[in-house]
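The values are calculated or read from the model by the stated rules, or taken from the named source; none is laboratory data. In this text, all values refer to a predicted model and were calculated from it rather than measured experimentally. What goes into the accessible areas is simple: the full protein's heavy atoms, side chains included, and nothing from ligands, DNA or RNA. Shrake-Rupley method; radii C 1.70, N 1.55, O 1.52, S 1.80 Å.
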Amino acid sequence: MTQTTLLQYEAPWPVYALDWCKTAAPGQQHRPRSSFRLGIGSLRDDYQNRIAIVGLQDERVLVEDDYTDYPDFVTLVDALHGYPATALQWQPSAASSYAWSQKAATSELLATTGDALKVWEYTTDGPQQVSSYVGRPPTTSGHRLTQKIALSGQSKVQNNQTGAPLTNFSWNEKAPSLVVTSSIDTTCTVWNIDTSSAITQLIAHDREVYDVAWLPGSTDIFVSVGADGSLRAFDLRSLEHSTILYETPAPKNMPPPSASPSSSARPPTSPLLRIAFNPADSNYMSTFHMDGTDIQILDMRSPGQPVMEMRAHRGQINALGWGSTTNPLLATAGDDCQLLLWDLSPYTSVPSTSPRTASSGLSSPRPDVKKRIVVDPVMAYTGASEINNLAWSPQIAGMTMHSGHSTDPGEWIAVAMGKSIKALKV
């Protein structure tokens, strides 16, 4: 029995935004292949950008033989997006059981950011009917992707302006109607996408905000990172102040400050581009600097400096993401064409004799004072070109195809390199 461990797709345009569906298609939970669906967005410097949903070809062509260039995925449906999507996400798994006021039970939601927060509804007429001829294109008339809403708030910073471009967003897993967006106008906005209304908008940073993430399990607390080099935490129950969890150190050999510095000015520091929580232990967050080759791991309980740093990339890092297992791996990818997978559980788990594990729900020890440097990833994949983005799959059951090939159960990870997307079995 031959194992299939690599699937591929060539998009008609350069890909940036990328996400793997969080659940199987409605009504198809028994078909593992319906979990092999990706959402992708183009990166073109015009207003003709598109988003698309891609899914598996007919199983019969998933054969690792002479047809290595044959795409395993096909485009199921696509739609005009205008500006490039800075981020794209499928609805969280809790969304399928949420009581939406205006969504069909058989449809799924996706969201994108760019010039606005757009929510899309994806419907399909059921399992795709593919002809038995390899060369014939699949009939995809049963797939529809329609924009439901576009949310763009009044800017707090510039009077009478519509909202500035959005850099990223985080979809709340526990309350799927809540989405928080980050913007280049220094603000973060919390939206209720079920009622199409802004719950709150706050000035989060001194400069552009690049990424935002809900604390796992919380509907009140989120964190953000931005061009001012700080990582901050906000609580919707007390918005009058935020907590600075980390600030990038000021560069050495700084020029002397100007004669009249403004009251809010900080020395120029390296912007922080992405922030992601370890879903299995939300004390830990991962981030990286603009043009940086190291990943910093921060601990909520000892803010101020990283507790760990991972050093193996030889080019700037572009993306990171955690898997969904009990001890999730952290994936990082960058301009060195490398996808690296890191297992941090040896450094963050507590011996079973520890008295803390029984009483508290937190499995993490108090961090050591000294920062730990990790240089050995557990897996590495080298692509043909720079990796711009990555996305983890949910846990997917194994499947056997008509060809006799099979896939093992577990997680997959998709990487975007130019127009190419590779899905790799972890």
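Using the structure shown, select from Lys22/Lys103; Lys148/Lys174; Lys22/Lys425; Lys103/Lys148; Lys118/Lys422 the pairs with a Cα to Cα distance greater than 20 angstrom.
Working: Lys22/Lys103 18 Å; Lys148/Lys174 22 Å; Lys22/Lys425 16 Å; Lys103/Lys148 10 Å; Lys118/Lys422 26 Å.
Those over the limit are Lys148/Lys174; Lys118/Lys422.
Express in nm, to one decimal, how much length is gained between Ala384 and Arg144 on full extension, taking 0.36 nm for each residue of separation and deducting their alpha carbon distance.
Working: separation 240, 0.36 × 240 = 86.40 nm, distance 3.29 nm.
Gain on stretching Ala384 to Arg144: 83.1 nm.
Keeping all protein chains in the complex and leaving out DNA, RNA and ligands, what accessible area do you get for Leu236 with a 1.4 Å probe, in Å² to the nearest 10?
Around 50 Å² of this residue is reachable by solvent.
Collect residues whose amide H, placed 1.01 Å from N in the peptide plane, falls under 5 Å from the amide H of Asn318; neighbours closer than 5 in sequence don't count.
The list, which skips near neighbours in sequence, is Ala333, Gly334, Asp335.
Identify all aspartates and glutamates with a Cα-Cα distance to Lys370 below 18 Å; exclude those on the same chain that are fewer than 8 residues away in sequence.
Qualifying aspartates and glutamates at Cα under 18 Å: Glu247, Asp294, Asp299, Glu309.
What residues qualify as long-range amide H neighbours of Leu344, i.e. H under 5 Å apart, gap of 5 or more or another chain, H built at 1.01 Å from N?
Leu330
If Rh is defined by the Kirkwood formula over all Cα pairs and Rg also comes from Cα, what ratio Rg/Rh do you get for the stretch 270-327? Mind showing how you got there, number by number?
On the way: Rg = 11.4 Å, Rh = 11.9 Å.
Using only Cα positions, Rg/Rh for the stretch 270-327 is 0.96.
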